[in-house]
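Here is the structure we will look at, set down as structure tokens.
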Amino acid sequence: MRAAFYDQRGASDVIRVADVPTPGPDVGEVRVRLAVAAVNPTDWKSRTSPDPLPFPMQVPGQDGAGMIDAVGPGVDPGRIGERVWVYHAAYQRPWGTAAQYSVVPARQAVPIPSGIELDQAAALGIPYITAFGCLFVDGPIDGRTVLVSGGAGAVGHAAIQLAVRAGAHVIATVSSPEKRDLALAAGAHVVVNYREADAVEQIRAAARAGVDRIVEVALAPNLATDTAVIAPHGVIASYAADTPEAALSIRPLMMLNITLRFMLVYGFSPTLLAAAVSGITSALEAGDLSPLPVTRFPLEGTAAAHDAVQSGTLGKVLIDLP
């Protein structure tokens, strides 16, 4: 099969595209003939990690969509031919989605509802599962106020849609008019430019009793704002660590009995993962999810696709598989 891969850590120029052996499914696994893969920040961050590679070579890519073409022992042969989206394909496994084929545990190949395009399905995994966990791990949000930091990003876009569907009043923060339009299109009730001097006052005006849940992409720079707008017993769910440290003023959070929760999608419990997959599928079937704008690359351009995500390209970056 044709695949992008690397055999050492480093900048995007370590990625090569070549013919490699096609993997086969083992017990409890399925093989997916991929049509499209999605690129996430975790892909380039994994590639540049200082840790040794766990495999002789790594095909990057956690998310993608295609069709099951083979199943391993213990998997219903009736799944062959099923359209699926996959998640966590490269997590502790060598066969990511930047390739014509990937092999994953059967539960990580999720049936795509009728009428959903492969492009949209390929982009679900990391962003939507992360957003679901941040929103719902502490219980229902119906009637609650949710603040989504970075409402035009992939996770932020997913969080807005899932929160609106669940009955929450949603406030999103963005940094430009273009991003404001994306957050509004996703369904946010109020959008605030966090660069404006009165951003905190705007959020407070939209949530007079305070914000109950915060889906946080940048804890260190946003913690002061979060503390200023959060309601008693609120939850701040931080899912990214681009800044390694955050200065924490303990007493203001303690006085409000705030929960500061750190979320890593790869560490979600099986119960939370199953709930996320079920919730995302239900939202798709109901037509409540819409995709971000797309920037496309061919498989041969996988390195450039990684660079595009690392540089903050707006919308979703996809790789077309030959």
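The values are calculated or read from the model by the stated rules, or taken from the named source; none is laboratory data. Keep in mind that what you see is a predicted model, and the values were worked out from it rather than measured. A quick note on method: Cβ atoms are made from the backbone with ideal geometry, for glycine too, and the neighbour counts reach across all protein chains shown.
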Does the stretch 273-291 contain any residue that is surrounded by 13 or more Cβ atoms within 10 Å (Cβ to Cβ), out of contact with any Phe, Trp or Tyr (no Cβ under 9 Å at 6 or more places or on another chain), modelled with pLDDT of 95 or more and more than 23 Å from Gly125 (Cα to Cα)?
-> no
Can you tell me which residue in the stretch 242-270 is nearest to the chain's Cα centre (by Cα), limited to those that are among the polar types (S, T, N, Q) and either within 30 Å of Gly61 (Cβ to Cβ) or not assigned by TED's automatic domain parsing to the domain that holds Thr227 (or both)?
-> Ser269
State all residues of the stretch 43-60 that are buried (at least 20 other Cβ atoms within 10 Å of the Cβ) and either touching a helix residue (DSSP H, G or I) at 6+ places or on another chain (Cβ under 9 Å) or outside the structural domain of Arg9 (by TED's automatic domain parsing) (or both); if no residue qualifies, say none.
-> Asp43, Trp44, Arg47, Gln58, Pro60
How many residues are closer than 24 Å to Leu289 by Cβ, among the β-branched types (Val, Ile, Thr) and free of Cβ contacts under 8 Å to residues at least 60 places away in the same chain when one looks only at the stretch 178-212?
-> 3
Looking at the stretch 168-224, which of the residues that are touching a strand residue (DSSP E or B) at 6+ places or on another chain (Cβ under 6 Å) and of a type in the set (Ser, Thr, Tyr) is farthest from Gly151 (Cα to Cα)?
-> Tyr194
Can you name every residue in the stretch 221-238 that is touching a Lys or Arg at 6+ places or on another chain (Cβ under 9 Å) and under 24 Å from Val309 (Cβ atoms)?
-> Ala237, Ser238
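Kindly evaluate Gly81 against the criterion of being closer than 25 Å to Ile280 by Cα, in the same structural domain as Leu299 (by TED's automatic domain parsing) and assigned to a strand (DSSP E or B). Give the derivation first.
Numbers: closer than 25 Å to Ile280 by Cα: yes; in the same structural domain as Leu299 (by TED's automatic domain parsing): yes; assigned to a strand (DSSP E or B): no.
No.
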Read through the list (1) under 29 Å from Val39 (Cβ atoms); (2) buried (at least 20 other Cβ atoms within 10 Å of the Cβ); (3) of a type outside the set (Phe, Trp, Tyr), then give the number of the only condition that Asp181 fails.
-> (2)
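Can you tell me which residue among Arg213, Arg195 is buried (at least 22 other Cβ atoms within 10 Å of the Cβ) and not in a helix (DSSP H, G or I)? Please lay out each step first, then the result.
Details: Arg195 fails: buried (at least 22 other Cβ atoms within 10 Å of the Cβ).
The unique qualifying residue is Arg213.
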Ser175: passes all of (1) touching a Ser or Thr at 6+ places or on another chain (Cβ under 7 Å); (2) without any contact (Cβ under 8 Å) to a residue 24 or more places away in the chain; (3) of a type in the set (Ser, Thr, Tyr) but (1)
Would a scan of the stretch 242-260 turn up a residue that is at pLDDT 95 or above and touching a Cys at 6+ places or on another chain (Cβ under 7 Å)?
-> no
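Scanning the stretch 1-22 for residues that are in contact with a Pro (Cβ under 8 Å, 6 or more places away or on another chain) and in a loop (DSSP other than H, G, I, E, B), which turns out farthest from Ala109 (Cα to Cα)? Please lay out each step first, then the result.
Residues of the stretch 1-22 that are in contact with a Pro (Cβ under 8 Å, 6 or more places away or on another chain), as a first pass: 1-2, 4-7, 9, 15.
Retained after the next criterion (residues that are in a loop (DSSP other than H, G, I, E, B)): 1, 7, 9, 15.
Details: Met1: 20, Asp7: 26, Arg9: 28, Ile15: 26 Å.
If we take residues in the stretch 1-22 being in contact with a Pro (Cβ under 8 Å, 6 or more places away or on another chain) and in a loop (DSSP other than H, G, I, E, B), then Arg9 is farthest from Ala109 (Cα to Cα).
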Note: among Ala205, Ala220, Ala228, Ala188, just one is among the small types (Gly, Ala, Ser), farther than 23 Å from Ala283 by Cβ and in contact with a helix residue (DSSP H, G or I) (Cβ under 9 Å, 6 or more places away or on another chain), namely Ala228
